[in-house]
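What follows is a single structure, written as structure tokens, with notes after it.
The values are calculated or read from the model by the stated rules, or taken from the named source; none is laboratory data. Predicted, not measured: the structure shown is a model, and the values here were computed from it. Cβ atoms come from the backbone with ideal geometry, glycine included; neighbour counts cover every protein chain shown. Surface areas here come from the heavy atoms of the whole protein model, side chains and all, with no ligands, DNA or RNA. Shrake-Rupley method; radii C 1.70, N 1.55, O 1.52, S 1.80 Å.
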Amino acid sequence: MAQQKITLIGAGLVGSLCAVFLAKRGYQVEIFERRADMRQEKISAGRSINLALANRGIHPLKKAGLMQQVEKMLIPMKGRMIHSLEGEQTLQPYGQTEAEVIYSVSRADLNILCMNAAEKEGNVTIHFNQNCLAVNFESNEILFRDEITGKEYQHNFEHIIGTDGSASAVREAIHQKESANNNLEPLGHSYKELSIPADKDGNFQMDPNALHIWPRGGYMLIALPNMDASFTVTLFMPNEGEISFDAVKNKTQLQQFFQQHFPDTLAIMPDLSDEFFNNPTGKLATVRCSPWHYQDKALLIGDAAHAIVPFHGQGMNCGFEDVFEFDCLIKQYSGDWLKIFAHTEIQRKPNADAIADMAIENYITMRDSVRDEKYLLKNSLAFELEKRFPDYFCPRYSMVMFHRLPYQEALRRGKIQDEILDELAKDIIEISQVDFSFAQTIIESRLSKVLLNPTP
Ligand SMILES: Cc1cc2nc3c(=O)[nH]c(=O)nc-3n(C[C@H](O)[C@H](O)[C@H](O)COP(=O)(O)OP(=O)(O)OC[C@H]3O[C@@H](n4cnc5c(N)ncnc54)[C@H](O)[C@@H]3O)c2cc1C
């Protein structure tokens, strides 16, 4: 087995972590990464500067033995800090216990940690500035271009894992061979990264232990804390229309827009104009595709298989979960790559589709519902039902973020729970009015007992 070679395309978050797991199983791993080595050159990590890490991402990091190091890089976020138009701040906790928090982490630092850990295993080599252009499955060759010299060359492979992100070249190669279902659904909204720096004494200018949201209906601003006491701020809004990226064309319009919709941010965002007009506008889309594998030759995981919109903070978490389940299947079907690849797809695809749906739904929750009285009542009621009937009821957000039951199951149970919440909250204005014996009857008749963390 030690002789078997695995070729990974892409040394992003998922590729680097996957290399750690493969190396631990004794494979010779080569990763080809299009970009320069972010440890040598200061390059943008691509996309968001920081990310929310949750339980599904933490579990694989623990299994890889990396969590002790990762812990030092984390800032806990206890809930959503909602900023009203008038500048009031209200914390809506994500969970009910101390442990039910999510964590802000730097994308670049986490990526570097995973790359270092992979290389430390001894049987992993990362080749930077190597762009995968095409795959020839007949001759088992990958066509690369060296981005420094411009030279193109062929490289032999035994098995490829495509961890090359949402515009995956490996996906394209697989789908040229197999009749494919390759669906890219644009959201029609984009994002722009901005920042709130530390104050003059080097302190945070807002509560660091929260994910800040300025929900404004059709669009929103969010902010996640960084270790240097700054916040990375992201504006999400439609591409076109009255309130849209298209409508903000100059500094005056930008100032007016922020003055009108996010007035409390102006004093703490001194670089707003520069950042807004210099930083790229990122498009958002969902990628759903199949197949994820070609024979026993290539498999897609991470964003290459399932890019989702970022509103549940689950893209990376889901990709890390792919890696862990892939590793479990390698153990189960040792050496039978066709079974390993096929079962990874069978196991993960319905779950990736489920989190894709929940991520789109969560955009509406974040930008709009969090201001709605009925939503807040149902949210508190969900916590109360979890306390009273913990074997049956767990709020959907908690199932996704704090537990590891399959996403598909979280989506399914979430729909039933939502109907129960609607029914119980229909004619009431506070939780004390709920008939909890009726609640118990309908919960126990409609929901089975919940297994929150199925795999060890
Ligand atoms: C605004 C925003 C916020 C987000 N927030 C969160 C969050 O809070 N929590 C969360 O869990 N997820 C979040 N995500 C999603 C997360 O960023 C992705 O799910 C995650 O980066 C996927 O990792 P990956 O390794 O599969 O792909 P990527 O991170 O895209 O890495 C792919 C790698 O492959 C390389 N590559 C690409 N093409 C080639 C090629 N042809 N040849 C060689 N190399 C190639 C790339 O250079 C890159 O290094 C967010 C995404 C966005 C856009």
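Tabulated results
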{"quantity": "Dipole of the chain [Lys/Arg +1, Asp/Glu -1 at C-beta], most positive-end residue of 290, 382, 239", "calculated": "290"}
{"quantity": "For segment 187-282, alpha-carbon Rg relative to the globular expectation (2.2 N^0.38 Å, N residues)", "calculated": "1.05"}
{"quantity": "Label-reachable residues, segment 222-265, where backbone N falls under 20 Å from a point 7 Å from residue 200's Cα toward its Cβ", "calculated": "229-231, 265"}
{"quantity": "Segment 1-118, accessible area per residue, ligands and nucleic acids excluded (1.4 Å, Å²)", "calculated": "42"}
{"quantity": "Distance between modelled label sites at residue 185 and residue 281, nm, 7 Å Cα→Cβ extension", "calculated": "2.3"}
{"quantity": "Cα→Cβ-extended label distance, 7 Å offset, between residue 121 and residue 418, nm", "calculated": "3.9"}
{"quantity": "Vicinal HN-Hα couplings computed from phi for segment 191-207 (Karplus, 6.51 cos²θ - 1.76 cosθ + 1.60; Hz; Gly/Pro x)", "calculated": "9, 9, 8, 10, 8, 10, x, 5, 6, 5, 8, x, 9, 4, 8, 9, 4"}
{"quantity": "Of all DSSP beta bridges in the chain, antiparallel share, percent nearest 5", "calculated": "75"}
{"quantity": "Whole-number accessible area per residue in Å² for segment 372-446, which is evaluated in the context of all protein chains at 1.4 Å", "calculated": "49"}
{"quantity": "Vicinal HN-Hα couplings computed from phi for segment 408-420 (Karplus, 6.51 cos²θ - 1.76 cosθ + 1.60; Hz; Gly/Pro x)", "calculated": "4, 6, 4, 5, 5, 5, x, 5, 5, 4, 5, 5, 4"}
{"quantity": "Expected 222 nm ellipticity per residue - DSSP helices of 4 or more, -39500 (n - 2.57), all of the chain, to 500", "calculated": "-11500 deg cm²/dmol"}
{"quantity": "Where N is the number of residues in segment 316-453, Cα Rg divided by 2.2 N^0.38 Å", "calculated": "1.24"}
{"quantity": "Segment 187-282, accessible surface, carbon-and-sulfur percent (1.4 angstrom probe)", "calculated": "47"}
{"quantity": "Unit charges on C-beta of K, R, D, E only; dipole of the chain, Debye", "calculated": "740"}
{"quantity": "Percent accessible area from carbon and sulfur atoms, segment 372-446, protein chains only, probe 1.4 Å", "calculated": "48"}
{"quantity": "Protection proxy ranking, peptides 284-293, 388-397, 314-323, average beta carbon neighbours within 10 Å, highest first", "calculated": "314-323, 284-293, 388-397"}
{"quantity": "Distance (nanometres) between label positions extended 7 Å along Cα→Cβ at residue 37 and residue 247", "calculated": "4.8"}
{"quantity": "Hydrodynamic radius by Kirkwood, which averages 1/r over all alpha carbon pairs of the chain, in angstrom", "calculated": "23.3"}
{"quantity": "Protection proxy ranking, peptides 78-86, 31-39, average beta carbon neighbours within 10 Å, highest first", "calculated": "31-39, 78-86"}
{"quantity": "Hz values of 3J(HN,Hα) by residue in segment 393-401 - Karplus curve (6.51, -1.76, 1.60), Gly and Pro given as x", "calculated": "10, 9, x, 4, 4, 5, 4, 6, 8"}
